[in-house]
1. Mean separation of Cα pairs under 8 Å and 6+ residues apart, divided by the residue count of chain A: what relative contact order is that in percent?
2. Tell me the mean residue ellipticity at 222 nm calculated for chain A from its helices only (DSSP H runs of n ≥ 4, each -39500 (n - 2.57), averaged over every residue, nearest 500).
3. Considering the alpha-carbon set of region A:100-195 alone, what are its Rg and its Dmax in angstrom?
4. For chain B, what does the helix formula give at 222 nm: sum of -39500 (n - 2.57) over DSSP H segments with n ≥ 4, over the residue count, nearest 500 deg cm²/dmol?
5. How would B:218, B:52, B:200, A:258 line up from fewest to most surrounding beta-carbon atoms within 10 angstrom?
6. What residues of region B:21-55 lie in the reach of a label at residue A:211, counting those whose backbone N is under 19 Å from a point 7 Å from the Cα along Cα→Cβ?
7. Given a Förster distance of 41 Å, report the FRET efficiency between residue A:202 and residue B:39 from their Cβ-Cβ distance, rounded to the nearest 0.05.
8. Quick check: convex hull over the Cα atoms of region A:94-304, volume per residue in Å³, rounded to an integer?
């Protein structure tokens, strides 16, 4: 844990700054505040190491040899260093196919959700039609059904409709999510109605208003939907378990899960498994870091309601 | 967040003038969502409900004429059958109940602590710490499980670190022994008293119910806390934004120490967030599936079997579709029951008169702050 020491040393300088703001002439208090600050940073640094270290060791191990991983599981510097895990993954396994499938599904689902969620959300927020209350109640009801209860049912319907083991069966059921509609509805209710009224007076049709007036204003909410559905469909496992069986339709989650239970590799072979898990994490990590500020703020905004 | 739609302004009677065609557009706009949610959520639930009352074997359509209604047989098989199905269901409930019992309080407490730690205005690297704690939440459960299998392998990272302080780590994912049984065994208690071993519920003796989570399940418990605490930390952070600093100051002037300020001032104001976090935690924890599917498939000794995984296994592997569906619906009822129970436990209680007098010092501030929070 030697890595912690410089960080801790650097952080100690700031509490003194903070302490000087306090009223003067209270040395003992100042000393106590300083001690508290040091303790706080120590706790934070230790916690941060616990949270980050697993991911560092994951990446490091993916560059180790099997023997190296077994001999020194904790070390962050692979010795000897090897690309073998990645070579096997990309050249000798179906991993590229799994990745491609996940990309296809994730992009389709994200596009679908952005469009259909906002369409329905707009209707529920702005358009007056008989049955709107019922539709909304239905939406809330659907949100309450736990996903796990749907494992068998989803298979039954997908099978009945003849779309089992096809891209349609993988993508179509995920194209709309109730939570997304809910988010969009809340957002549309929060923006002023005046602009739409103006467009209406100018003679624009409902879809036209939605598409060229309202949707461009909804960028923040749309980004939220993009983040949520990207993350959701990229990380989805159970739906693909019940909707597909052929190897050509295996997604990353399903493929890596089969890898974990020992197919493809004999014995433990952690480097290749961890390499697969690491690559799988990259896209969601990229999305996370691009929209980092947004993600943190979104959840704050969502709860303030 | 009321269910009724907000009252839109009534501009004359609808269906005429400038708002013509609005109803049609409304249905058209909601149609894709309604159809997809209806076909892939509502219909499936009804269909599965039927399957749970039928003897469908997985061949052909469950709606065909040679599938017959068997009443509560499937439910009986998993709850009173006396056979393997009942015992498996009992084991899975035991495992998941311990999981819930440990994960929900620990993840709630930890995420609150994390939020309090990173909520300070004067904190270097606030963004860094928040990111560090949140990051595990964005990764997929499959990837995290793979990582966990490595970290908690017999000669893995965790045991290596434990060995630095002289602890001989367990076999984690291969160890089916219950932690409470293990603790009792260290005091020399190897088997339970007659009353606990002789009586059973769902095919599992009371003594086995009290085994605690297995060592393997404990690793999953750590994982759940690790991956969810970041998300819930964000919820608590958002809640802390609404905690008015005025009351904090007032309490400070009244001489309340840091702990009192937290316990009597901050925490009561965070009640809605605690409520949300516990609800989400309960709902999530009763649905453990991905981790088990990826990691252990119920092994070792069925001690990581969960109702969700058992439901999948019964249907898709053992072709006992009726039983699988029945387990899913029992699980559904459990989740609903827990949510209702938890609502009732965490409800706003009437404060006793004596208690009120204690708080009566500054009702004005309380009123103003609650108005502020409602904004």
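Read-outs throughout are calculated quantities, based only on the coordinates presented, and are distinct from any laboratory measurement. Here the structure is a predicted model, which is why all the values come from computation and not from measurement. Backbone-built Cβ (ideal geometry, glycine too); neighbour counts: all protein chains shown.
1. Relative contact order, chain A: 26 percent.
2. The per-residue figure over chain A is -22500 deg cm²/dmol.
3. 15.5, 48
4. So the calculated ellipticity at 222 nm is -18500 deg cm²/dmol.
5. Ascending number of Cβ neighbours within 10 Å: B:200, A:258, B:218, B:52.
6. B:21-33
7. Efficiency at R0 = 41 Å is approximately 0.60.
8. Hull volume over Cα atoms, normalised by residue count, gives 150 Å³.
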